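> Starting off with a structure, shown below.
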Amino acid sequence: MKAVQALSKAVVDVVDVDMPEKQGNVLIRTQFASICGSDLHMMFSGWGIDKWPSDPGHPGHEAVGVVVDGNDEFKTDDYVLTVPHIWNSKCFAEFQSVDTQHLIKIDQPNSTPIEHLSMAQQLGTVIFAAKQIHEIKDKKCLVIGQGSAGLFWNYILKYFGAKSVIAIDPISHRADLGHSFGADQIFDKPLSSIIDDSKSIQKDSIDIVIEAVGTAETVNGSLQVVRDSGLVVFFGLPESNDLIPFDFSTMFKNRIKAFTIFGSQDENGLSSFRLALDMIKNSKIDVSNVITHAFPLVDAVTAFEYAKNRNDGVVKVGLHCN
């Protein structure tokens, strides 16, 4: 079969490899997989990858596929959303072997494009993260980054009752999408310029900041734009394994509460992913403008360059794997 493989840091290719063994799992034929920002951090900066070449298909984790060799629960030809742990995820391939605990059957799959259904993985991680916030209702929120994760945060914060959402992204075509996902105010400029311009936002009024990028600049900048005793959620996967300076002084003096989110795949019953699927299938959220570019698996090198460079109107890039 064909699979994407990171041969070394920042070197990606499409290779021919043996099909994965079932090994008590469910064998899936991948139909569509999308490239997450975390995939770029891992494949191009090396975060979380301890060997090169990495395993074929790794670290792809946002996918919809069809069962080709199942079990009592998942039958042949069932459509499924795959939500494996990122350490075990290998969806950038024609076939993948996934344990039963990290599969969700998709009923009536033909009623919604599979490209849209694949967005349920990332949307589910946002829902799971939002559940960890003690109180969102009537809060004023700021979302840093308007890639697909940031856009989904706009929507979910409003879904949980946020009073208002401000969104920031220096890439104008991404920022422009923010309103359609619920943002009340958009800034298409770097976070640093927002921090320097006290007229841009009322910093003492921001109750919750969602950091959905994962860079040193945005991690530390988030501490500069939240109110005294406010909350920062570090959602973006780190851009590399390198240690970054951290503005602990500001966090300490301003009594900022902060936490990270990881492990939505361990949630009992995968309820956040199931809710995400329901939202997409029943048109509660319109994800039709999130996947802006899609390529066949054999053109994955080009796909990753588009995703990395984020030009030509790119929001999210996908791969048709069969």
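> Which ones in segment 34-67 are in a strand (DSSP E or B) and out of contact with any Ser or Thr (no Cβ under 7 Å at 6 or more places or on another chain)?
If the condition is that a residue be in a strand (DSSP E or B) and out of contact with any Ser or Thr (no Cβ under 7 Å at 6 or more places or on another chain), then V66 is the only one that fits.
> While we're on this one: Identify all residues within segment 268-322 that are in contact with a Lys or Arg (Cβ under 7 Å, 6 or more places away or on another chain), at pLDDT 95 or above and surrounded by fewer than 17 Cβ atoms within 10 Å (Cβ to Cβ); write none if there are none.
Within segment 268-322, just V298 meets the criteria.
> Out of all the residues in segment 287-313, which are free of Cβ contacts under 8 Å to residues at least 40 places away in the same chain and either within 21 Å of Y155 (Cβ to Cβ) or in a strand (DSSP E or B) (or both)?
Those that are free of Cβ contacts under 8 Å to residues at least 40 places away in the same chain and either within 21 Å of Y155 (Cβ to Cβ) or in a strand (DSSP E or B) (or both): T292, H293, F295, P296.
> Please find, within segment 89-111, the residue that is nearest to Q122 (Cα to Cα) out of those that are assigned to a loop (DSSP other than H, G, I, E, B) and among the hydrophobic types (A, V, I, L, M, F, W, C).
C91
> Here's a follow-up. Suppose we keep only residues that are β-branched (V, I, T) and crowded, with 21+ Cβ neighbours inside 10 Å within segment 28-53. Which one would you say is nearest to Y306 (Cα to Cα)?
Residue satisfying both the conditions and the ranking: I35.
> Sticking with this structure for a sec: Condition first: among the polar types (S, T, N, Q) and in contact (Cβ under 8 Å) with a residue 40 or more places away in the chain. Can you find one or more residues in segment 83-91 that meet it?
No, that holds for no residue.
> If we keep just the residues of segment 120-170 that are part of a helix (DSSP H, G or I) and of a type in the set (D, E, K, R), which is nearest to V226 (Cα to Cα)?
This residue is K158.
> Which of the residues spanning segment 178-203 are crowded, with 21+ Cβ neighbours inside 10 Å and either charged (D, E, K, R) or part of a loop (DSSP other than H, G, I, E, B) (or both)?
G182, A183
> Then there's this: Being surrounded by fewer than 23 Cβ atoms within 10 Å (Cβ to Cβ), of a type outside the set (A, V, I, L, M, F, W, C), under 21 Å from D138 (Cβ atoms) and without any contact (Cβ under 8 Å) to a residue 40 or more places away in the chain is true for just one of S229, S249. Which residue is that?
Matching residue, one of S229, S249: S229.
> Still on this structure, please answer the following. Would you please name the residue that is farthest from I49 (Cα to Cα), looking only at residues in segment 244-269 that are among the acidic types (D, E) and under 22 Å from the mean Cα position of the chain (by Cα)?
E267
> What are the residues in segment 291-311 that are among the hydrophobic types (A, V, I, L, M, F, W, C) and either touching a Pro at 6+ places or on another chain (Cβ under 7 Å) or closer than 20 Å to V11 by Cβ (or both), if any?
Across segment 291-311, the qualifying residues are F295, L297, V298, A300, V301, A303, F304, A307.
> Within segment 171-218, track down each residue that is without any contact (Cβ under 8 Å) to a residue 24 or more places away in the chain and in contact with a Phe, Trp or Tyr (Cβ under 9 Å, 6 or more places away or on another chain).
S193, S200
> Just give me the residues in segment 204-217 being buried (at least 22 other Cβ atoms within 10 Å of the Cβ) and farther than 19 Å from L243 by Cβ, in sequence order.
If the condition is that a residue be buried (at least 22 other Cβ atoms within 10 Å of the Cβ) and farther than 19 Å from L243 by Cβ, then I208, V209, I210, A212 are the ones that fit.
> Going through N154, N241, N220 one at a time, which residue ends up being surrounded by 21 or more Cβ atoms within 10 Å (Cβ to Cβ) and either at pLDDT 95 or above or within 22 Å of the chain's Cα centre (by Cα) (or both)?
From the options N154, N241, N220, the qualifying one is N154.
The values are calculated or read from the model by the stated rules, or taken from the named source; none is laboratory data. Note that this is a predicted model, so its numbers are computed, not measured. As a convention, Cβ positions derive from the backbone with ideal geometry for all residues, glycine included, and neighbour counts pool all protein chains shown.
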